[in-house]
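What follows is a set of notes on a single structure, which appears directly below.
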Amino acid sequence: MNEPDFAPPPPTEVLRTRIDEWELGGRASVLHDITVHPDGRIYSVDMNEDKLYRLDPARPDAERASWPVPRGDLPLGGVFAAVGPPVPPNSNAHVGPHSLQVAPDGALWITLALGNQLARFDPKSEAWSTHTLSEGYYPHTLRFDQRGRIWYTISASNHVGMYDPTTGEGRELRLPARTLAQDALLRMMPTLLWLGRHFDLRGAAAGGSSGLTVPIPYGIDVAPDGSVWFSQLNEHRIGRIDPGSFAIEMVETPFPGPRRLRFDSQGRLWIPSFSGGLIARFDPQTREFKSWQLPDPPQVPYALHVDRRSDTVWICGTESDSLIRFEPRAERFTVYPLPTRVTYTREIDFDAQGRVWTSNSNAPTWQIEGGVPKIVRVDPNPG
């Protein structure tokens, strides 16, 4: 009779780790991204409820606050209301806040994916302002460069945008598509949205596609030298934008599904392969890739982040209810199981003490344990 195949006990560094969780939002909430403010408070956006949340872990019971994100007169579903598939029955998304980052002046900037806007929130005055894109659809992930400019992917139309909050100047760059058919379909989007305002196209959109896939600009980060790099999900490609000339260069990847990528302190680019179950390191100087398969397959890493103080890489175990640490020098992985099960993690950030923050969401896995998303803090070295 065979002995049962029990999992080995966790390593010592996992056993000594402290993990805290705080519920945020409600059963209809979809926490997408989080960011750690320099004042120690945590901000997150609720894509399904059009809200901005704040959690203060230093206050009793982790004091929470929330603000509605300005909608203007946009309908349910935002600019995609006329052509997109029907929104979920519990959706209250008119602008769909997606990603957020802290600006050099301490304000928060947020991509409004369904509203086709960038939004600014001042934590001191609690005032909002918005900037509407002049071209492209579905602003996605954003980062700041060394000059305080915002660079962001525009996923539904294959663009990357740049916006300078100081001058109010911005531009949207159309990225190369691999085929003429892809390019033609992407260029048709304004026409489809115009037709959708006059004819009911929702049934056609919900019926599925013809099998043609298009590149989806997804992750984005700014290198120490100021160059801007992005990924194209659905393709084996990443790309570079010169911040001065805005020239675009594409680079083929030896793996599929590059998603949310980040630079380390040495200017090397770390990339998760969402459909390949691995992470890769790309050296922009030598143009060489090196990859490592993630432990405990199957893994679908949505995002990673690099703590530039040590260049340790932290990866979302997006569908394995875990965070994964990778130490490049030792080429060693450590898996940290998270307390809540059936979650979907999307973004990682660090606080001044080196603790790791993420959020879990009840979408696309609505069966999350407890039914309410949470903010998660992982402290590998508790005092």
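The values are calculated or read from the model by the stated rules, or taken from the named source; none is laboratory data. Remember, it's a predicted structure, so these values are computed and weren't measured experimentally. When we count neighbours, we look across all protein chains shown, and the Cβ atoms used for this are built from the backbone with ideal geometry, even at glycine.
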Handout entry: From 185, 112, 108, residue being of a type outside the set (Lys, Arg), over 23 Å from residue 214 (Cβ atoms) and surrounded by 14 or more Cβ atoms within 10 Å (Cβ to Cβ)
Key = 108
Exercise for the section: Give me the pairs, please: first residue somewhere in region 303-320 and within 13 Å of residue 335 (Cα to Cα) and modelled with pLDDT of 95 or more, second residue anywhere and in a loop (DSSP other than H, G, I, E, B) and not β-branched (Val, Ile, Thr), beta-carbon distance under 6 Å, and either six or more positions apart or on two chains. Expected result: 315/301; 316/301; 316/302
Exercise for the section: Mind counting the residues in region 151-168 that are within 13 Å of residue 131 (Cβ to Cβ) and either modelled with pLDDT under 95 or outside any strand (DSSP E or B) (or both)? Expected result: 5
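Each row is one residue, and each column tells you yes or no for (1) closer than 30 Å to residue 78 by Cα; (2) buried (at least 18 other Cβ atoms within 10 Å of the Cβ).
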{"site": "7", "(1), (2)": "no, no"}
{"site": "11", "(1), (2)": "no, no"}
{"site": "15", "(1), (2)": "no, no"}
{"site": "19", "(1), (2)": "no, yes"}
{"site": "27", "(1), (2)": "yes, no"}
{"site": "33", "(1), (2)": "yes, yes"}
{"site": "40", "(1), (2)": "no, no"}
{"site": "45", "(1), (2)": "yes, yes"}
{"site": "51", "(1), (2)": "yes, yes"}
Practice task
Name the strands (runs of 3 or more DSSP E) wholly inside region 219-291 in which the number of residues that are of a type in the set (S, T, N, Q) and over 18 Å from the mean Cα position of the chain (by Cα) is 3 or more.
Solution key: none
Problem - Index of the failed condition, residue 367 passing every other in (1) within 22 Å of residue 12 (Cα to Cα); (2) among the polar types (S, T, N, Q); (3) surrounded by fewer than 17 Cβ atoms within 10 Å (Cβ to Cβ) - result: (1)
Fill in the blank from the handout: Over region 169-190, the set of residues in a loop (DSSP other than H, G, I, E, B) and free of Cβ contacts under 8 Å to residues at least 24 places away in the same chain is 169, 179, 188
Problem - Inter-residue pairs, beta-carbon under 7 Å, first part of a loop (DSSP other than H, G, I, E, B) and in region 98-119, second surrounded by fewer than 24 Cβ atoms within 10 Å (Cβ to Cβ) and among the basic types (Lys, Arg), 6+ apart - result: 107/120
Practice task
Restricting attention to region 142-155, report how many residues are under 19 Å from residue 346 (Cβ atoms), among the aliphatic types (A, V, I, L, M) and surrounded by 22 or more Cβ atoms within 10 Å (Cβ to Cβ).
Solution key: 1
Handout entry: Test: residue in region 312-332 that is of a type in the set (S, T, N, Q), exposed (fewer than 14 other Cβ atoms within 10 Å of the Cβ) and on the phi < 0 side of the Ramachandran plot
Key = no
